[in-house]
Amino acid sequence: MDFYIYNTMSRNKEKFIPVKKGRVGMYTCGPTVYNYAHIGNLRTYIFEDVLKKSLDYFGYNVKHVMNITDVGHLESDADTGEDKMGLGAKRENKTVWEIAKFYEDAFFEDCRKLNIKRPDVVCRATDHINDMINMIKILEKKGYTYISDGNVYYSIDKFNNYNKLANLSMEELEAGSRVQVDKNKKNPLDFVLWFTKSKFKNQIMQWDSPWGRGFPGWHIECSSMSIKYLGDNIDIHCGGVDHIPVHHTNEIAQSEGALGHKWVNYWMHGEFLVLDGGKMSKSNGDFLTVDSIEKHGFSPLDYRYFCLQSRYRKQLLFSFNALKDAEISYKKLKDKIANIILQIKDTDKSEIDEKVMSYYKEKFANQIGDDLNMPNALTVLQEVIKTDKLSNIEKKNLIESFDSVLSLDLIDSKNNYENSKGYKDYNKINKFIQERNEARLNKNWDKADEIRNKLNSMGIELIDSKGNTTWKIK
Ligand code: AMP
Ligand code: ZN
């Protein structure tokens, strides 16, 4: 079965063909650790997690690499504004190193709560300064750089098709990245590879380099670290859509400039989560975090479910009302699954028909392999729950396999359910069914029907088969 990916570079859905058979090298741009990740950022990390797990589901051996930006990222992606790490340190009266450690840990704690798997390689920019210096040296040797007022710049005019990823004219690119006039730049879209003349006094993070003591620009870390860990031909590179016109465009210029050939085969970008009032932004402080979600009484997995209900390439409008709706349908889903699992008996263990199972597994794979159509994948899950063609044990096995991608703790539903109000209903329902069976044995059809109707009004549908009665939530 084929896996299809929408490639930002071609603006087309393409069949995925890996560089090496059966293997995938995947790089995702990680957080700048100067503040908590907001739920918009986390939507992007959920999309990337689902992508990785979907490729796993298809049998690929995925190597996932993610960077941690702990130096070099200025407020604007285009080298203007203040140093983000410095801002964090000032705000909290801590050192930049303390800030980086604190927010990196906080980020992975959020990921844990959202069932986002830790990448196979997590690489910090500050641990890879030499790799970056080496790449800048190569770019310098190949004539892509110039030095102006002490800083090393990348000259985009030396690179062919600089605008190919964004697919915008140079004027549109300029307008979109809101570049400020910088008299040191030959072209306003040129960007810094190495800052020696820091405009920030007391810049703590500094290293020696052939161009003087200083620190790297933001974009060079992703180029050099991705190549270090994934080689010079990478299958998939991801990020949020905001990375298309500046960060990823600059990454391509650096990597392809240094390598002399095509670097990444598939570019994937997650659309933004937006608030009623507009964009969520870390710098203006009014952003929602996992913590805010929990404070409103939701679980982080309610939010994961909320994200999975929509396609990653569409903007998603967040509101607590919409999250409430997601919470309700996620809970219903879990209750239905708990009921299925609770009805499995030891004698059911042999009831597995591999042919029927593969039919549903393929149906699910078709959806996730269609550029991650998660809303449709959730519909396949509902179909498995509802159908009379599968035994409960088959259903459980299928749900377990789907959950390796969805990561909604669906099988654990049973444990949560046993402590819930629903479980008390479960005992009541089973008692009614027992009474109805006795009534039927005694040919007391009126009583049997009365019980069926009562259960029906509780939203429970009975299924009589082979001398056995099971039930499901309608
Ligand atoms: P940052 O920590 O700012 O570098 O962002 C981390 C990731 O979140 C990047 O892939 C961004 O493209 C992505 N991102 C930023 N804002 C949003 C948003 N509102 N919705 C979805 N993704 C976002
Ligand atoms: Zn990056």
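Report every pair of residues separated by at least 6 positions or lying on different chains whose Cβ atoms are under 9 Å apart, first residue within the range 317-333 and touching a residue at least 12 places away in the same chain (Cβ under 8 Å) and aliphatic (A, V, I, L, M), second in a helix (DSSP H, G or I) and open to solvent by 40 Å² or more (accessible area, probe 1.4 Å).
From the range 317-333, the pairs are L333/Q382.
Can you name the residue in the range 199-225 that is within 13 Å of ligand 2 (Cβ to nearest atom) and out of contact with any Asp or Glu (no Cβ under 6 Å at 6 or more places or on another chain) and, of all such residues, is nearest to Y162 (Cα to Cα)? Give the steps one after another, and end with the answer.
Within the range 199-225, the subset within 13 Å of ligand 2 (Cβ to nearest atom) is 216-225.
Remaining after also requiring out of contact with any Asp or Glu (no Cβ under 6 Å at 6 or more places or on another chain): 216-218, 220-221, 225.
Values: P216: 21, G217: 18, W218: 18, I220: 16, E221: 19, M225: 21 Å.
Ranking the candidates gives I220 first.
Which condition breaks for T126 when tested against (1) under 14 Å from H219 (Cα atoms); (2) open to solvent by 40 Å² or more (accessible area, probe 1.4 Å)?
(2)
Out of the residues in the range 226-270 that are part of a helix (DSSP H, G or I), under 20 Å from the mean Cα position of the chain (by Cα) and near ligand 2 (Cβ under 10 Å from one of its atoms), state the one that is nearest to R311 (Cα to Cα).
H243
Restricting attention to the range 154-195, report how many residues are within 15 Å of T80 (Cα to Cα) and either part of a helix (DSSP H, G or I) or not assigned by TED's automatic domain parsing to the domain that holds G260 (or both).
3
Within the range 286-300, does at least one residue satisfy the condition of being of a type in the set (F, W, Y) and away from ligand 1 (no atom under 15 Å from the Cβ)? Walk me through it before giving the result.
Step one: of the range 286-300, the residues of a type in the set (F, W, Y) are 287, 298.
Next, from what is left, pick out any that are away from ligand 1 (no atom under 15 Å from the Cβ): 298.
So far as the range 286-300 goes, yes, one or more of its residues are of a type in the set (F, W, Y) and away from ligand 1 (no atom under 15 Å from the Cβ).
Which one of the conditions (1) surrounded by fewer than 18 Cβ atoms within 10 Å (Cβ to Cβ); (2) in contact with a helix residue (DSSP H, G or I) (Cβ under 8 Å, 6 or more places away or on another chain); (3) in contact (Cβ under 8 Å) with a residue 60 or more places away in the chain does S76 fail to meet, given that it meets all the rest?
(2)
Among the strands (runs of 3 or more DSSP E) lying completely within the range 57-153, list those that include at least 3 residues that are more than 27 Å from the chain's Cα centre (by Cα) and at pLDDT 90 or above.
Working: elements: 61-68, 121-124, 145-148.
Strands (runs of 3 or more DSSP E) meeting the threshold: 145-148.
Condition check: open to solvent by less than 20 Å² (accessible area, probe 1.4 Å) and among the acidic types (D, E). Does D83 satisfy that?
On the way: open to solvent by less than 20 Å² (accessible area, probe 1.4 Å): yes; among the acidic types (D, E): yes.
Answer is yes for this residue.
Determine the pairs where a residue that is closer than 23 Å to A377 by Cβ and in the same structural domain as G239 (by TED's automatic domain parsing), located within the range 26-53, has a partner that is of a type in the set (S, T, Y) and within 16 Å of ligand 2 (Cβ to nearest atom) with Cβ atoms under 7 Å apart, the partner being 6 or more residues away or on another chain.
E48/T28
The values are calculated or read from the model by the stated rules, or taken from the named source; none is laboratory data. Everything quoted here is computed from the prediction, not taken from an experiment. Note that we place each Cβ from the backbone using ideal geometry, even for glycine, and neighbour counts take in every protein chain shown. Areas reflect the complete protein model, heavy atoms only, side chains present, ligands, DNA and RNA absent. Shrake-Rupley method; radii C 1.70, N 1.55, O 1.52, S 1.80 Å.
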